[in-house]
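The values are calculated or read from the model by the stated rules, or taken from the named source; none is laboratory data. Please read these numbers as outputs of a predicted model, since none were measured by experiment. FYI the Cβ positions are ideal-geometry reconstructions off the backbone, even for glycines, and counts take in every protein chain you see. Side chains included, ligands, DNA and RNA excluded: accessible areas come from the protein's heavy atoms. Shrake-Rupley method; radii C 1.70, N 1.55, O 1.52, S 1.80 Å.
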Amino acid sequence: MCGIAGTFNLPQATVGHVEDMIGCISYRGPDEQGAIKVGPAVLGHARLAVVDPENGTQPMSNEDDTVWVVFNGEIYNFVEIREELKAKGYKFKSRCDTEVLVHLWREEGEKMLERLIGMYAFFIWDTRQNKGMIARDRQGIKPCYIMDIGDGFAFASEIKAILTLPFVTAEVDDIGLNMVHTFNYCPPPRTCYKGIRHMEPGTYWLLDGNGKREIKRYWSWGLDQPKEDVSHDAFGALLDDAIRLQMRFDVRGCLFLSGGVDSSVVAAHLKPQWNEDKMLCYGLDCTVPGYGEYDVAQEAARQAGLEVLPITYDESLVTDNMDAFVYHADQPHGDVSFMLVRRLCQTAHEAGVIVAFNGDGPDEVLSGFTHNQAFLTANPGPAFPIEAYFNHINYFDPAVRADVLVPEFAAALPDPLEAFREIMEPFGSMAPIDQIAAYETQVLAPGNNLVKTDRMGAGLSIEGRSPFLDHRVCEAMAKIPALARVSDGVSKAYLKHYGLRHYSKDLMFRQKSMPTLPIGEWIKGPLQGWARDILGDLDESRYNRKAALSLFDAHVAGQANHTRALRTLLTSSVWLR
């Protein structure tokens, strides 16, 4: 976990400007910060020391200062790559994974990306060849935002860093903000800021000293490829090797254990390779019955031979964390479980933890979410009823949209269904189950689910590690046939059957629940005044406050459940404010 920021081909940008960019996100890398001008680029970095804390200062160069890099993330197979490069005569001055990038670039150029196992966003510049590239990892685990400015661009790990530049003006993109009310987040590459976009996962920009750029893709999920059976032995071996590589760190680590299939399977594979006698595990425990999963986490820990420590939360979690959640997320997200991840990271941070393992990854590719289980069971045919699926996931039904959004604002996104059709168009030739998986792995995950882990951890200097997101494991999961993903109405069936190697059937095949918080109930009771104040502060150029408060009153009275719409209104109001 680190932070990167910089500019390319912007003559007006100075080292001081980029130092300000990095200073804005210094919590991503509190150990040291630096910036330097290299050719047409100004590069900045904030470092969280995870490997070789004594060395590894960035921006980092090779031995003759002709190749420079700023890098956020981890190259898990850096040891193997380093040994290959040393055998070819390259000289290393640290044990850091960052240093393999400058030498691998000199050895292989842009083809180096095919060699990397990890999560990353980096900018590399070669002064000898007067060219370089900016690259992002395959699945979009590590963030990278870009804003075109004149003939160049600015980039950063977080949007707020770009907004520090004195020649940049922050403007709301009403299309992006509208999308939040439809999808619960703003689907990338668009953001809620005009001119700022996500760099697409699995891509890189090849750059030269004249300002030319060429955008290339080096990886895709392969969900449109022929399916094949993946043996449990082969899958287990991949997961073991992913964890072997991800165990390379020189700081304290832990596991976030929910008791769900994903984190439980990670626990079973992680324990034999853990680097201390006892593995620190945390689980969430809500004071409201039916929402906490600590009892399930305890059972998973018992069966795995571990101990899980409880993190108890109540409605104060919301009032204590809403502002920080929205600030660190950079954009409004209706997914209030961001605050649960922040709570986990707060506890880990207080215990001196830097690296936190999690179970992120399988739900999107293996149809693990319960709403997809229900939809696919009800729609088993070969055609994908896209309108029906859109209605299944839409957060604002047409009546609410017409009442609450000011017409001019609503018209910024003329037809939410058509916006969804546009998102889904590249996936149209796939089977329905793969179209849903493509949407969730390529849009939902990098736009919301992976943002949650990265951004809530970054705000507390915690690096998340996700063994299931090793791209080799992802490629195996993408090959699994539909009937092994959803079988007899059971979602994520393949992984549940695999999990029987380590856990009881009752634990693996229990009804899926999501780590969440009962905000729909809390805003009827202890958070009612808090929510009413925020809704009463909605921007009147975009929202009908009276209609929003009527929606809230109907919810409080139990006349209807408007939790989903109210969540997006609350976070959007806080963000706009």
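Post the alpha-carbon centroid distance, the range 1-73 to the range 315-362, in whole angstrom.
26
How long are the three semi-axes of the equivalent ellipsoid of the range 172-291, in whole Å, if each is the root of 5 times an eigenvalue of the C-alpha gyration tensor, listed from largest down?
On the way: eigenvalues 250, 125, 68 Å².
Result for the range 172-291: semi-axes of 35, 25, 18 Å.
Using unit Cβ charges (K, R positive; D, E negative) and no other charged atoms, how large, in debye to the nearest 20, is the dipole of the chain about its Cα centre?
340
To two decimal places, what compactness ratio does the range 455-571 give when its Cα radius of gyration is scaled by 2.2 N^0.38 Å? Walk me through the numbers before you get to the answer.
On the way: Rg = 21.0 Å, N = 117, 2.2 N^0.38 = 13.4 Å.
Working it through for the range 455-571, the quotient is 1.56.
With every protein chain present, what is the per residue accessible area of the chain (1.4 Å probe, Å²)?
That works out to 36 Å² per residue.
Given a 1.4 Å probe and every protein chain left where it sits, what share in percent of the accessible area of the range 253-304 is carbon and sulfur? Don't skip to the end; give the middle numbers.
On the way: 970 of 2040 Å².
About 48 percent, which is the carbon plus sulfur part of the accessible surface.
Which entries of Lys271/Lys479; Lys111/Lys216; Lys93/Lys142; Lys160/Lys452; Lys142/Lys216 show an alpha-carbon separation above 20 angstrom in the structure shown?
Going by Cα-Cα distance, Lys271/Lys479; Lys93/Lys142 fall outside the 20 Å limit.
Apply the Karplus curve 6.51 cos²θ - 1.76 cosθ + 1.60, θ = phi - 60°, to the phi angles in the range 433-439 and return the couplings in whole Hz, x for Gly and Pro.
So the Karplus estimates, Gly and Pro as x, are 5, 7, 5, 5, 5, 5, 4 Hz.
Could you order peptides 70-83, 233-246 by the average number of other Cβ atoms within 10 Å of their residues, highest first?
Order by mean packing, descending: 70-83, 233-246.
Pull up all non-local amide H partners of Cys281: gap of 5 or more, or a different chain, and H-to-H distance under 5 Å with H placed in the peptide plane.
Under 5 Å from the amide H of Cys281: Leu255, Leu309.
Taking R0 as 60 Å, what's the FRET efficiency between Val15 and Asp533 from their Cβ-Cβ distance, rounded to 0.05?
Calculated transfer efficiency: 0.90.
Based on the Cβ-Cβ distance from Lys37 to Ala324, what FRET efficiency comes out when R0 is 25 Å, to the nearest 0.05? Before the final figure, lay out the partial values.
Details: r = 33 Å, r/R0 = 1.33.
With R0 = 25 Å, the Cβ-Cβ based efficiency is 0.15.
When the dipole is taken about the Cα centre of the range 203-258, and only Lys, Arg (+1) and Asp, Glu (-1) are charged at their Cβ, what size is it in debye, to the nearest 20?
Working: 8 positive and 9 negative charges, 83 e Å.
Rounded to the nearest 20 debye, it is 400 debye.
Please sort 414-420, 546-552 by packing, taking for each peptide the average over its residues of neighbouring beta carbons within 10 angstrom, highest first.
My ranking of the peptides, most packed first, is 546-552, 414-420.
Would you calculate the volume per residue, in Å³, of the smallest convex hull containing every Cα atom of the chain?
Numbers: hull volume 84.0 nm³, N = 577.
Enclosed volume per residue, from the Cα hull, is 146 Å³.
Can you order the peptides 321-330, 269-278, 120-129 by their average number of other Cβ atoms within 10 Å per residue, highest first? Could you put the intermediate results ahead of the total?
Details: 321-330: 20.1, 269-278: 12.9, 120-129: 22.4.
For the peptides 321-330, 269-278, 120-129, the packing ranking is 120-129, 321-330, 269-278.
Calculate the length of the line joining the C-alpha centroid of the range 146-203 to that of the range 477-493, in whole Å.
35
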